[in-house]
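The values are calculated or read from the model by the stated rules, or taken from the named source; none is laboratory data. What you are looking at is a predicted structure, and each value in this text was computed from that prediction instead of being measured. Here the Cβ positions follow ideal geometry from the backbone for every residue, glycine too, while neighbour counts run over all protein chains shown. Surface accessibility is based on the protein's heavy atoms, side chains included, excluding ligands, DNA and RNA. Shrake-Rupley method; radii C 1.70, N 1.55, O 1.52, S 1.80 Å.
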Amino acid sequence: MGNLTISEVSEKFGIPQDTLRYYERIGLIPRVNRNESGVRDYTEDDCNWVEFIKCMRGAGLSIRVLKKYVSLFQQGDSTIEARKGILMEQRRCLAERINEMRKTLDRLDYKIEMYENVLMAEKGLIRSK
């Protein structure tokens with residue numbers, strides 16, 4: 001993959017250009033090099049960061065947590081244990097949210113089934129109990 005412009009990265013990942021600029025400004029993604037014309041020139045590594053941040057934000061990680069993670073990453077291998085700890089804690093939180101969402105999904109399915117039964121009974125397709 002060759003280098004990409006900000007508009008190409010925006011389209012590829014479905015992230016507005018303003019958001020990409022913001023992520024760069026606050027340090028969520030490393031500073032992107034610019035070409036001779038001053039246009040951002042995203043490398044494959046830059047795109048990997050964008051993809052990682054998009055995935056983590058989609059999973060619910062806060063900007064604060066991600067900034068801490070990126071800062072530790074930039075400090076090098078001496079921070080591997082701390083980075084792993086952040087990811088393990090965020091995984092635990094995500095697993096809890098998934099369990100809550102499963103419960104909500106089950107409740108929605110139950111309510112939908114109840115309404116379907118009522119509607120079918122009203123149409124005389126089944127006997128109400």
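Only the Cβ atoms of Lys and Arg (+1) and of Asp and Glu (-1) were treated as charged; on that basis the dipole of segment 29-129 about its Cα centre amounts to roughly 500 debye.
Size descriptors for the chain (Cα atoms only): Rg and Dmax, in that order, 22.7, 76 Å. Charge dipole (Cα centre; +1 on Lys/Arg Cβ, -1 on Asp/Glu Cβ; no other charges) of segment 60-100 amounts to roughly 120 debye. If you run the Gaussian network model on the chain, springs between alpha carbon atoms under 10 Å, then out of 67, 54, 12 the most flexible one is 12.
Derived scalar couplings between HN and Hα for segment 6-16 equal 4, 5, 5, 5, 4, 5, 4, 9, x, 10, x Hz in order, rounded to whole Hz, by the Karplus curve 6.51 cos²θ - 1.76 cosθ + 1.60 (θ = phi - 60°), x for Gly and Pro.
If you run the Gaussian network model on the chain, springs between alpha carbon atoms under 10 Å, then out of 18, 106, 41 the most flexible one is 106.
So, for segment 1-102, what is the accessible surface per residue at a probe of 1.4 Å, expressed in square angstrom? Counting only protein heavy atoms, the per-residue value for segment 1-102 is 65 Å².
Counting only protein heavy atoms, what percent of the accessible surface of the chain is carbon or sulfur at a 1.4 Å probe? Write down the numbers at each step before the final one.
On the way: 4960 of 9570 Å².
Roughly 52 percent, rounded to a whole number.
If R0 is 30 Å, the Cβ-Cβ spacing of residue 39 and residue 86 corresponds to a FRET efficiency of close to 0.35.
Compared with the dominant Cα axis of the chain, that is its longest principal axis, helix 63-75 is turned about 40°.
Give me the net charge of residue 95's neighbourhood, meaning all other residues with Cβ under 14 Å from the Cβ of residue 95; Lys, Arg count +1, Asp, Glu -1. Show your work: numbers first, answer last.
Values: positive: 91, 92, 97, 102, 103; negative: 89, 96, 100.
With Lys, Arg at +1 and Asp, Glu at -1, the neighbours total +2.
Straight-line reach from residue 123: which aspartates and glutamates have a Cα under 13 Å away, not including same-chain ones fewer than 8 places off? Here the aspartates and glutamates satisfying the reach criterion relative to residue 123 do not exist. Dividing the summed helix terms, -39500 (n - 2.57) for each DSSP H run of n ≥ 4, by the number of residues in the chain produces a 222 nm estimate of -23000 deg cm²/dmol to the nearest 500.
Springs join every pair of Cα atoms under 10 Å in this Gaussian network model of the chain, and among 105, 20, 119 the largest mean-square fluctuation is at 119. Note on residue 103: lysines with a C-alpha under 28 Å away, same-chain residues under 8 apart excluded, are 54, 111, 129.
Provide, for q = 0.17, 0.20, 0.25 Å⁻¹, the log10 of I(q)/I(0) from a solvent-free Debye sum over equal Cα point scatterers in segment 10-76. Scattering profile of segment 10-76, log10 relative to I(0): -0.59, -0.82, -1.24.
What ranking of 79, 19 comes out by heavy-atom accessible area, probe 1.4 Å, highest first?
Working: 79 10, 19 40 Å².
Heavy-atom accessible area, descending, gives 19, 79.
Modelled spin-label separation between residue 96 and residue 109, with each label point placed 7 Å from Cα along the Cα-to-Cβ direction: 2.5 nm. Across segment 101-110, computed HN-Hα scalar couplings (Karplus, 6.51 cos²θ - 1.76 cosθ + 1.60, θ = phi - 60°) run 5, 4, 4, 5, 4, 4, 5, 4, 4, 4 Hz from first to last residue, x flagging Gly and Pro.
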